[in-house]
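Bear in mind these aren't lab numbers, they're just calculated from the coordinates by the rules spelled out. Worth saying up front: this structure is predicted, and the values here are computed from it rather than measured. Every residue, glycine among them, receives a Cβ derived from its backbone with ideal geometry; neighbour counts consider all protein chains shown.
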Amino acid sequence: MSENGYDAQELMTINAARELRDGLVCLVGVGPPNAAANLARRTHAPNTVLVYESGAIGAKPRRLPLSIGDDDLAETADELVSVPEMFNYWVGGGRIDVGFLGAAQIDRKGNINTTVIGDYGSPKVRLPGAGGAPEIAARAREVIVLVRHSVRVFVEKIDFITSIGPAGAPIVVITDLGVLRPGADGELELTAVHAGVEADQVREATGWDLHVADDLQHTPPPSDEELETLRALRASAERAPGPA
Amino acid sequence: MSLPDAIAANVNDGDTIALEGFTHLIPFAAGHEIIRQGRKDLTLVRMTPDLIYDQLIGMGCASKLVFSYGGNPGVGSLHRFRDAVEHDWPAPLEIIEHSHAGLANAYVAGAAGLPFAVLRGYIGTDLAELNPEVSQVECPFTGEQLSAVKALDLDVAVIHAQQADVQGNVMLWGLSGVQKEAVLAAKRAVVTVEEVVDELEPRPHSTVLPHWVITAVCTVPGGAHPSYAHGYSTRDNGFYAAWDEIARDRDGFLAWMEENVVNASEGVTA
C-alpha cells in the first residue's frame, strides 16, 4: 500500500482499464485482466464487450467473477459457445479487439513465457503453460500485458517462447512501475512512469538496456472514482456464492 | 448402471482417457472412482487438468498427460502436477503440451474422424518445436503455412451432465466446453448425471448427446463438486483455494486423499 492509499495491483488494474476504449471486444482472463475489463465497463467504457474463453460472449457479470467459468457469466451472456467454436470462430477468426496476457518472463520483442523456468526437459519451475495465450497474442488486434516489473521477469532471453510478440500489432505492457510500448525499432521502450517512479528505477528493474522514450509521460494517479469502483467490484467477488 | 460398475467396465489400465468439462461440469466423482479402483498407466487428456488431474497424477494413476493449461484457475499452481514434472513423484509423467486452440482442434479432428486439424497459431512458438503432435502444412489454395495438430484417439471419454432421460439421451447446458467433441472422439463414453428424467425439455444453449453415442449413464448428484452443474449447484471457489494448501506437500495430500476419496463411498465428493 503506497502513501496515496492504493497498492501495486490496483495501480496496474486501473491503468489497464484506461487502455480500453469504449465499444471494444475484449477477451478477458482470470485475475487482474478480469478486474480491469469490468472496471472499464463500470466507468468510462460501458459498452465494452466481454468475451471469456470458457465460451461466454457479451457477458455482463453482476459481480466480479472469480473464475472464467462462473455461472453468472453464462447467465448474463448474449451467447454461449463451445470451446472449439470460441477459438476457431471468435479468437482465431480475428473477432477480438483486445486480449490480455500475463507473463512469467517477457523479452524486448514482447515474446512471452508462461511454460517453464529453466530447461523444458527438467524445469526448475513448471508453470501452467499456454492456455489461450498463443492465439490471443497472434490474433487479437491489440494486446495488453499485465506484469510486475523485475529483472526476473523482464529478461534478455526468455527460457521458453509460449507466445510470440505481436509483430507490428499494438502491444502495451503495464507494470507496477510504468508503461512500455514498442518504439520505432519494434522493441519495447518505456513510454510512461507512474507517480513517484523515476525512469532509472525502471531501467534497473529491466534485464536489458531499456530505452526510455524522449517524451516520457507520467500516468495520472488512480482517481477516487476508479479506486472506489474497483474496490466495490472486488468486494462483490468476495460475496459471491459458494461454500467457503 | 452404478458408477463403480461403469468405471470397471469401461476404464482399463493403459487407456487414453479424457475427463472433460471446461471450468464447468468437471466429472470429479468419476475421477475419484478411477482412483479408488487403482487404475494405472493412464494417458490423461484434458485442456485444463484442474484439481481432478492433480489428484489422479498424485495418486499414481497416470504415465502421460496431454493438456493445454496446468494451473489452479485464479489460485496458482497444481502442486501434484508440478511435483510429477519437476521431481518424477510419484512417477515420471510424460507430457504432450498444446495451446487451448490446438487441443480443442485435436478433439474436433478426433470427433470428425479426420487425421488432423488445421489452425493458425503455434507458428514461431517453442510449443510447435517440442510437441510431436504439432506440425505444419501448406494451404493447397493460398500457399499459407498453417499449423496441423494430430487428432485425438481416445479409448474413453468421461463427462458430467445435468440430465439424462430414461432412454439414456444426455443433456447438458450452460458453458458446454469440449464435451461433445470428447465423447465423439472416444470409443466409449461414460456419463454421470445430476438426475434422470422421463423426458428432456428443450433449453437454450443446450447440448444433447443421443443415447447411441453413450456407453454408460450413472446418476451421481453433485458429481461435479467442487466444480458445478449449472442450475443445480455453484462452483465451490473456497475448495479451489483450499486445495493449494492440501496439495502442497506429499504427505498432506496423501492423507487427504485417503480420508476423502480412497475410503469414501461412491458419489461422495469432497
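Close amide H pairs (under 5 Å, H built 1.01 Å from N) link A:E79 with A:I57, residues at least 5 positions away or on another chain.
Calculated on the alpha-carbon coordinates, the convex hull of chain B measures out at 127 cubic angstrom per residue. Between the listed residues A:P128, A:G92, A:A103, the Cα displaced farthest toward the positive end of the dipole of the stretch A:6-135, a dipole computed from Cβ unit charges relative to the Cα centre, is found at A:A103.
For the segment B:46-52, counting C-beta atoms of other chains within 10 Å of every residue's C-beta and taking the mean gives 2.
Our summary gives the stretch A:105-244 a relative contact order of 22 percent, counting only alpha carbon pairs under 8 angstrom and 6 or more residues apart. For the stretch A:8-238, the relative contact order is 19 percent, taking Cα pairs closer than 8 Å that sit 6 or more residues apart in sequence and dividing their mean separation by the residue count. With the Cα gyration tensor of the stretch B:101-150 giving a ≥ b ≥ c as the square roots of its eigenvalues, does the rule (a/c under 1.5 for rounded; else a/b larger than b/c for prolate; else oblate) give rounded, prolate or oblate? Taking the square roots of the gyration eigenvalues as a ≥ b ≥ c, the stretch B:101-150 is oblate. Legend: mean number of C-beta atoms from other chains within 10 angstrom of residue C-beta atoms, peptide B:70-76, equals 6. Between the stretch A:141-170 and the stretch B:175-252, how far is it from one alpha carbon centroid to the other, in angstrom? Here the two parts' Cα centres lie 36 Å apart. Taken over the stretch B:52-180, the ratio of Cα radius of gyration to 2.2 N^0.38 Å equals 1.23.
Taking label points 7 Å from Cα along the Cα-to-Cβ direction, A:Y89 and B:A255 give a separation of 5.1 nm. Between A:N47 and A:Q9, the FRET efficiency estimated from the beta carbon spacing at R0 = 22 angstrom works out to 0.30. Peptide B:169-178 has a mean of 5 when you count, residue by residue, the C-beta atoms of other protein chains within 10 Å of its C-beta.
Taking 19 Å as the straight-line reach from the Cα of A:K157, the lysines in range (excluding those fewer than 8 positions away in the same chain) are A:K109, A:K124.
By a straight-distance test (C-alpha under 25 Å), which lysines pair with B:K187 as possible cross-link partners, with residues fewer than eight away in the same chain excluded? Reachable lysines: B:K40, B:K64, B:K150. In sequence order, the stretch B:81-90 has phi-based couplings of 4, 4, 5, 5, 6, 7, 10, 6, 10, x Hz under the Karplus curve 6.51 cos²θ - 1.76 cosθ + 1.60, θ = phi - 60°, and Gly or Pro positions carry x. The GluC sites (Glu not before Pro) found in the stretch B:184-226 that occupy coil by DSSP, while having at most 11 further C-beta atoms within 10 Å, are B:E199. In terms of Cα atoms, the Rg and Dmax of the protein assembly as shown work out to 22.6, 72 Å. Placing a pseudo-label 7 Å from each Cα along the Cα-to-Cβ vector at B:A264 and A:A235 gives an inter-label distance of 3.5 nm. Assuming R0 = 41 Å, what is the FRET efficiency of B:R248 and A:D224, from their Cβ-Cβ distance, to the nearest 0.05? With R0 = 41 Å, the Cβ-Cβ based efficiency is 0.55. Peptide packing: for B:49-58, B:116-125, the average count of neighbouring Cβ atoms within 10 Å per residue gives the ranking B:49-58, B:116-125, highest mean first.
Using θ = phi - 60° in the Karplus curve 6.51 cos²θ - 1.76 cosθ + 1.60, the 3J(HN,Hα) couplings for the stretch B:107-113 round to 5, 4, 5, x, 5, 7, x Hz; x is entered for Gly and Pro. Less than 5 angstrom separates the built amide H of B:N72 from those of B:S77, B:L78, all sequence-distant by 5 or more or on a different chain.
Summarised as an ellipsoid, the stretch A:1-87 has semi-axes of 25, 13, 11 Å, derived from the eigenvalues of the Cα gyration tensor scaled by 5 and square-rooted, with the largest first. For the stretch A:20-69, the square roots a ≥ b ≥ c of the C-alpha gyration tensor eigenvalues yield an a/c of 1.5 or more together with a/b exceeding b/c, which makes the shape prolate. The stretch B:138-165 and the stretch B:1-64 have Cα centres lying 20 Å from one another. Note: chain A, Cα convex hull, 140 Å³ per residue.
For the stretch B:121-270, the pair-distance distribution built from all alpha carbon pairs, in bins 5 Å wide starting at 0, is 2, 8, 13, 14, 13, 12, 14, 12, 7, 4, 1, 0 percent.
Near the amide H of B:I96, under 5 Å away, which other amide H atoms are found, from residues 5 or more places off or on another chain, if H is placed in the peptide plane? Residues meeting the amide H criterion: B:L65, B:V66, B:F67.
Listing B:K180, A:K124, B:K150, B:K187 from fewest to most neighbouring C-beta atoms within 10 Å gives A:K124, B:K187, B:K150, B:K180. Each Lys and Arg contributes +1 and each Asp and Glu -1, all at the Cβ; summed about the Cα centre of the stretch A:1-153, the dipole is approximately 440 debye. Across chain B, C-alpha contacts under 8 Å between residues 6 or more apart give a mean separation that, scaled by the residue count, equals a relative contact order of 23 percent.
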